[in-house]
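Asker: Take this structure first; my questions come after.
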Amino acid sequence: MEAHYYRLFDPLLSEHDAKAMVDLCERYQRYGLYSQEASQSEIGQGLAQRHDAVLNFIKPSGRAGSDEPLSSLATRTNYFRESYVYGDDILIAGIEPFLRHPGFVDAARAVHGRPVVVPAIVYANILLPGNELAVHTDVPEFRGANRKKFPQWLMVAMHHSGLFDAWRMPIVTGVSWFSACAGGEFVFYPDGAGGKRVALEARRNTAILLDTDSVFHGVDRVGNNAPPAPLRLGMTLVCDGPRRWSLREGAETVAVYDWDELRFSISWKAYCFADDAERRAWQEHSDDLALDTILDGLVEDLRRRGRINGTRPAPTDLALTIIDEYIKFPAA
Ligand SMILES: [Fe+2]
């Protein structure tokens with residue numbers, strides 16, 4: 001069984017710096033819903049970007065596994081997200097010490113054994129009581145193939161297939177928590193999809209760093225038995241003052257929350273390069289994958305595995321076969 005390296009941080013920051021993260025979160029003030037758009041790509045048209053995770057979440061043995069209607073399950077997996085750093089852009093002052101956290105950089109080197117660690121993005125996720133995140137692996141990236149160009153489920157399947165490792169951009173993710181909500185444990189499968197399920201309390205000022213592109217993970221329900229939050233597309237979560245928040249639809253307040261009812265996490269993602277030459281190949285696009293190469297490679301492998309016989313399936317059927325064959329979720 002495949003064991004994945006991860007590192008825990010407890011505490012992650014000094015007490016002063018941890019409080020500064022909460023202040024920074026409030027100063028950002030307004031958070032939008034992170035929505036899942038349907039794919040516009042020619043392959044798998046009409047499938048959700050994370051069709052793999054959706055299919056797993058709603059199947060009877062998935063984590064949802066309840067009598068709730070699909071609409072309420074969809075609401076449960078909505079949450080708020082804003083970026084604090086994106087590439088070279090610092091989007092809010094005060095995030096710099098977190099961006100350059102030496103413990104994260106050191107652990108990142110250990111995960112992939114690659115010395116050149118380049119932080120790429122820092123973002124905040126806020127979940128309301130009743131929210132949870134379905135088990136998934138994150139969207140990986142390859143030279144020439146990323147979530148901006150191709151559907152997210154395709155990137156995920158490419159990584160799980162192992163066929164495109166030579167083009168993969170190894171990424172690490174640090175996830176840290178700064179509120180004290182009930183429930184909302186970070187669940188993950190460090191020994192692979194067939195291994196044990198570990199639930200980590202999302203305790204204030206602690207963190208985990210791991211390869212979330214390879215390790216299945218999710219978030220247990222916030223507030224334990226809380227009903228689904230009254231979320232609709234277009235809503236925002238707004239900080240009204242110290243530790244007080246409201247859910248808004250336009251100017252109207254739909255619900256109010258105290259800080260410790262919310263699950264607030266900050267994620268840090270970094271690229272890990274073997275050397276500067278590899279970093280240059282990525283920046284200069286000198287060794288990029290093309291969609292035809294990706295699909296031909298997958299179809300050839302699916303023929304070897306006996307999943308495709310005869311003519312190549314139509315795009316949507318091919319997409320569903322790819323998801324089914326390569327993305328093997330944990331059983332429970
Ligand atoms: Fe994730």
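A short reminder: the numbers here are calculations on the coordinates, not readings from a lab. Since this is a predicted model, take the numbers as computed values, not measurements. Reconstructed Cβ throughout: ideal geometry from the backbone, glycine too, with neighbour counts over all protein chains shown.
Asker: Evaluated at 37 °C with a viscosity of 0.692 mPa s, what Stokes-Einstein diffusion coefficient in µm²/s does the chain have when Rh comes from the Kirkwood expression over alpha-carbon pairs? All intermediate terms of the calculation are to be shown ahead of the outcome.
Answerer: Details: Rh = 20.8 Å.
So the translational diffusion coefficient is about 158 µm²/s.
Asker: Right, another one. Dividing the alpha-carbon radius of gyration of the stretch 254-332 by 2.2 N^0.38 Å (N being the number of residues), what value is obtained? Don't skip to the answer; put the middle values down first.
Answerer: Numbers: Rg = 20.9 Å, N = 79, 2.2 N^0.38 = 11.6 Å.
Scaled against compact globular proteins, the figure is 1.80.
Asker: FRET efficiency for N225 and L291, Cβ-Cβ distance as r, R0 = 51 Å, nearest 0.05?
Answerer: It comes to 0.70.
Asker: Kindly write out, for the stretch 274-287 in residue order, the coupling ³J(HN,Hα) from the Karplus curve 6.51 cos²θ - 1.76 cosθ + 1.60 (θ = phi - 60°), rounded to whole Hz, with x marking Gly and Pro.
Answerer: Residue by residue, the stretch 274-287 yields 5, 7, 5, 5, 5, 4, 5, 4, 5, 5, 9, 6, 8, 8 Hz.
Asker: Report, as a whole number in µm² per second, the diffusion coefficient that Stokes-Einstein gives for the stretch 79-204 at 4 °C and 1.567 mPa s using the Kirkwood radius over alpha carbon pairs.
Answerer: The calculation lands on 77 µm²/s.
Asker: Rank by packing, highest mean first: peptides 47-57, 199-209, with packing defined as the count of other Cβ atoms within 10 Å averaged across residues. Walk me through the numbers before you get to the answer.
Answerer: Numbers: 47-57: 22.5, 199-209: 20.0.
Averaged packing, sorted descending, gives the order 47-57, 199-209.
Asker: Quick check: net charge around E284, other residues with Cβ under 14 Å of its Cβ, Lys/Arg +1 and Asp/Glu -1? Please report the intermediate quantities before stating the final value.
Answerer: Details: positive: R143, R279, R280; negative: D276, E278, D287, D288.
The answer is -1.
Asker: Test of understanding: what is the full-extension gain from R279 to K149, defined as 0.36 nm times their sequence separation minus their Cα-Cα distance? Intermediate values should be presented prior to the final figure.
Answerer: Values: separation 130, 0.36 × 130 = 46.80 nm, distance 1.98 nm.
The R279-K149 span can extend by a further 44.8 nm.
Asker: Ordered by packing density, taken as the mean number of other Cβ atoms within 10 Å over each peptide's residues, highest first, how do 306-317, 290-301 rank? Don't jump to the answer; show the numbers that get you there.
Answerer: On the way: 306-317: 11.6, 290-301: 15.4.
Going from most to least packed, we get 290-301, 306-317.
Asker: Summing Lys, Arg as +1 and Asp, Glu as -1, what charge do residues with Cβ under 11 Å from the Cβ of P11 carry, P11 excluded? Each step should come with its number before you reach the end.
Answerer: Numbers: positive: R203, R204; negative: D10, E15, D17.
Result for the neighbourhood of P11: -1.
Asker: Do you know the relative contact order of the chain, to the nearest whole percent, from alpha carbon pairs under 8 angstrom that are 6+ apart?
Answerer: Working: 676 pairs, mean separation 88.0, N = 332.
Contact order relative to length: 27 percent.
Asker: Quick check: from the Cα gyration tensor, does the stretch 152-228 come out rounded (a/c under 1.5), prolate or oblate? Kindly include the intermediate steps, with their values, before the conclusion.
Answerer: On the way: a/c = 2.37, a/b = 1.96, b/c = 1.21.
Note, shape of the stretch 152-228 comes out prolate.
Asker: Hey, another quick one. Along the stretch 250-267, what does the Karplus equation 6.51 cos²θ - 1.76 cosθ + 1.60 (θ = phi - 60°) give for ³J(HN,Hα), rounded to whole Hz, x for Gly and Pro?
Answerer: Residue by residue, the stretch 250-267 yields x, 8, 7, 8, 8, 7, 10, 9, 7, 3, 7, 8, 8, 9, 10, 10, 10, 10 Hz.
Asker: Here is a follow-up. Work out, step by step, the length gained on full extension between K328 and D191: first 0.36 nm times the residue separation, then minus their alpha carbon distance; give nm to one decimal.
Answerer: Values: separation 137, 0.36 × 137 = 49.32 nm, distance 1.36 nm.
Here the segment from K328 to D191 would lengthen by 48.0 nm.
Asker: Which value at 222 nm does the chain reach when only helices count, each DSSP H run of 4 or more adding -39,500 (n - 2.57), with the total divided by all residues and rounded to the nearest 500 deg cm²/dmol?
Answerer: On the way: 9 runs with 89 residues, N = 332.
Mean residue ellipticity at 222 nm (helix-derived): -8000 deg cm²/dmol.
Asker: Whose amide H sits under 5 Å from the amide H of M169, counting only residues 5 or more places off or on another chain, with H placed in the peptide plane?
Answerer: Sorted by chain and number, the residues that satisfy this are E141, F142, R143.
Asker: In nm, what is the difference between 0.36 nm times the number of residues separating E96 and V118 and their Cα-Cα distance? Present the calculation step by step, with values, prior to reporting the outcome.
Answerer: Details: separation 22, 0.36 × 22 = 7.92 nm, distance 1.37 nm.
Here the segment from E96 to V118 would lengthen by 6.6 nm.
Asker: Please check which bits of the stretch 202-230 a label hung off E252 would reach, taking the label as a point 7 Å along Cα-to-C-beta and the cut-off as backbone N under 16 Å.
Answerer: 230
Asker: Could you tell me the center-to-center distance, by alpha carbons, between the stretch 182-212 and the stretch 264-332 in angstrom?
Answerer: The distance from the Cα centre of the stretch 182-212 to that of the stretch 264-332 comes to 25 Å.
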